[in-house]
1. Filter region 71-117 down to the residues that are within 15 Å of the ligand (Cβ to nearest atom) and within 30 Å of residue 35 (Cα to Cα) and list them by number.
2. Return the total of residues in region 1-33 being in a helix (DSSP H, G or I) and not β-branched (Val, Ile, Thr).
3. I'd like to check something: does region 50-64 contain any residue that is closer than 25 Å to residue 84 by Cα and surrounded by 13 or more Cβ atoms within 10 Å (Cβ to Cβ)?
4. Among residues belonging to region 120-135 that are within 16 Å of the ligand (Cβ to nearest atom) and either in contact with a strand residue (DSSP E or B) (Cβ under 6 Å, 6 or more places away or on another chain) or hydroxyl-bearing (Ser, Thr, Tyr) (or both), point out the one that is farthest from residue 80 (Cα to Cα).
5. What's the number of the only condition in (1) over 25 Å from residue 8 (Cβ atoms); (2) modelled with pLDDT of 90 or more that residue 98 fails to meet?
6. Does residue 44 fit the bill of being loosely packed, with under 13 Cβ neighbours inside 10 Å, at negative phi and not hydroxyl-bearing (Ser, Thr, Tyr)?
7. Scan region 20-37 and report the pairs whose first residue is in contact (Cβ under 8 Å) with a residue 40 or more places away in the chain and whose second residue is of a type in the set (Phe, Trp, Tyr) and surrounded by fewer than 16 Cβ atoms within 10 Å (Cβ to Cβ), with Cβ atoms within less than 6 Å and a gap of 6+ or a chain change.
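The values are calculated or read from the model by the stated rules, or taken from the named source; none is laboratory data. Predicted model, so just to flag it, every value in this text is computed and none were measured. Heads up, the Cβs are rebuilt from the backbone with ideal geometry, glycines too, and the neighbour counts pull from every protein chain shown.
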Amino acid sequence: MRRRIATRIRLIRRHRSYTSQELAKLLGVHSRSIQVWHAAGLQPIDERSKPYLFKGEVVKAFLRKLRKKCSCSLGPGQFYCPRCKSARFSRPEIVSLGPTKREIGGGKMIVSWTGICIVCGCKLNRFAVVSCEDCTDGKATMEGQ
Ligand SMILES: [Zn+2]
């Protein structure tokens, strides 16, 4: 869902104003999401007039800030834990190469690793691009990513 919003942010015009319904339709989210964003700090043009109108550039800035807050950079062998909301290592005995093995051309393929969070026990997934040779030889390791 986050990726979908990320690509749709570009559809918002800076100098246009939008109602909650228009924003929800444009971004492909429920209108309740716009209300949640308003409660979390998305400022309408005028708080007193309803329905609220949101300026395009304010919405763009808010959503970019929201996305930045939800992201973190991963080190070698780390996963993003959705429960801890940070980079975590998996229990080493549980890290395994997942079922996703899709060739993307140029001798590379997408693989997924699965694991279990060392802190909270939540299921973890991580996708990476590796060369096909490494993958068939079994040399593709999480540490190389
Ligand atoms: Zn965790």
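1. 72, 80, 81, 82, 83, 84, 85, 86, 87
2. So the first thing to find is which residues in region 1-33 are in a helix (DSSP H, G or I), and the list is 2-11, 20-27, 31-33.
Still in the running and not β-branched (Val, Ile, Thr): 2-4, 6, 8, 10-11, 20-27, 31-33.
Total satisfying the criteria: 18.
3. At the first step, the residues of region 50-64 found to be closer than 25 Å to residue 84 by Cα are 62-64.
Add one more test, that the residue is surrounded by 13 or more Cβ atoms within 10 Å (Cβ to Cβ), and what stays is 62-63.
Within region 50-64, one or more residues are closer than 25 Å to residue 84 by Cα and surrounded by 13 or more Cβ atoms within 10 Å (Cβ to Cβ).
4. Residues of region 120-135 within 16 Å of the ligand (Cβ to nearest atom): 120-126.
The next check asks that each one be either in contact with a strand residue (DSSP E or B) (Cβ under 6 Å, 6 or more places away or on another chain) or hydroxyl-bearing (Ser, Thr, Tyr) (or both); those that pass are 122, 124-126.
Values: 122: 10, 124: 7, 125: 8, 126: 8 Å.
Of everything passing the filter in region 120-135, 122 is farthest from residue 80 (Cα to Cα).
5. (2)
6. Numbers: loosely packed, with under 13 Cβ neighbours inside 10 Å: no; at negative phi: yes; not hydroxyl-bearing (Ser, Thr, Tyr): yes.
Considered against the rule, which asks whether it is loosely packed, with under 13 Cβ neighbours inside 10 Å, at negative phi and not hydroxyl-bearing (Ser, Thr, Tyr), residue 44 comes out as no.
7. Nothing qualifies.
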